[in-house]
């Protein structure tokens, strides 16, 4: 091997000759030092920086849904404000949409882990998430998981759990029925689509938790994570904090 060239770098360069790696965003060929995204697209990644904001639009949207639930109660209880973080803004008109699509639809698990590590690095530097002790992914229906072979939210969630040194609760929630894709539904349709779709399966993992992190791939209206949040709230005490993390957030 030449000085400064590792075996891994050598193998990567050989593979690049046979199957060139390209940037998920712009499609340009990647250099040896780049993974999944080129330097220019990484520099322009539309980051939200929500992980360091106690209040942000993503969290406010989620808490508005939570407040509606509380307003329906005859004796509402106090629950902690649900913080929310996302790595970048999802914009359907740009190539950055391919980051989540490559994980969700094309089986690009290495890319999912790569961007999840970026999210984890941001969140670990924030005081808002330092006490997370349980990470719970949004579940897929078993038929969809079987067809896809994996749950994209679990891929992200495992990386975050490792980063926080938290327990990973992949079996805490279960999707009871197969729901329609949320992509082209209105806000009301999305809410109705996921209503009653989730249930807590492993209550034992929730005992003693102080801060639960719900994980999904993309946050749009918040209806999916809110439906999961509502099921967790039926089991956990009001003082337990529940936050949300996703790779991307639609808006802005």
**Request:** Can you confirm whether region 133-146 contains a residue that is farther than 20 Å from residue 168 by Cα, touching a helix residue (DSSP H, G or I) at 6+ places or on another chain (Cβ under 7 Å) and surrounded by 23 or more Cβ atoms within 10 Å (Cβ to Cβ)?
**Result:** no
**Request:** Pairs only if they're at least six apart or on different chains, beta carbon under 6 angstrom, first in region 80-94 and assigned by TED's automatic domain parsing to the domain that holds residue 123 and touching a residue at least 24 places away in the same chain (Cβ under 8 Å), second assigned to a loop (DSSP other than H, G, I, E, B) and crowded, with 18+ Cβ neighbours inside 10 Å; list them, first residue then second.
**Result:** 83/128; 86/48; 89/48
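Which of the following residues is more than 23 Å from residue 69 (Cβ to Cβ) and at pLDDT 95 or above: 130, 165? Full working, then the answer.
Working: 130 fails: at pLDDT 95 or above.
Being more than 23 Å from residue 69 (Cβ to Cβ) and at pLDDT 95 or above holds for just one of 130, 165, which is 165.
Any idea which residue in region 43-54 is surrounded by the most Cβ atoms within 10 Å (Cβ to Cβ), counting only those that are touching a helix residue (DSSP H, G or I) at 6+ places or on another chain (Cβ under 9 Å) and either in a strand (DSSP E or B) or free of Cβ contacts under 8 Å to residues at least 12 places away in the same chain (or both)?
Let us first name the residues in region 43-54 that are touching a helix residue (DSSP H, G or I) at 6+ places or on another chain (Cβ under 9 Å), namely 45, 47-53.
Still in the running and either in a strand (DSSP E or B) or free of Cβ contacts under 8 Å to residues at least 12 places away in the same chain (or both): 47, 53.
Numbers: 47: 14, 53: 16.
Within region 43-54, the match that is surrounded by the most Cβ atoms within 10 Å (Cβ to Cβ) is 53.
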**Of the criteria (1) under 26 Å from residue 144 (Cβ atoms); (2) surrounded by 14 or more Cβ atoms within 10 Å (Cβ to Cβ); (3) out of contact with any helix residue (DSSP H, G or I) (no Cβ under 7 Å at 6 or more places or on another chain), which one residue 63 fails** = (1)
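The values are calculated or read from the model by the stated rules, or taken from the named source; none is laboratory data. From a predicted model like this one, the values you see are computed outputs, not experimental measurements. Methodologically, a virtual Cβ is constructed for each residue, glycine included, from the backbone with ideal geometry; neighbour enumeration extends over all protein chains shown.
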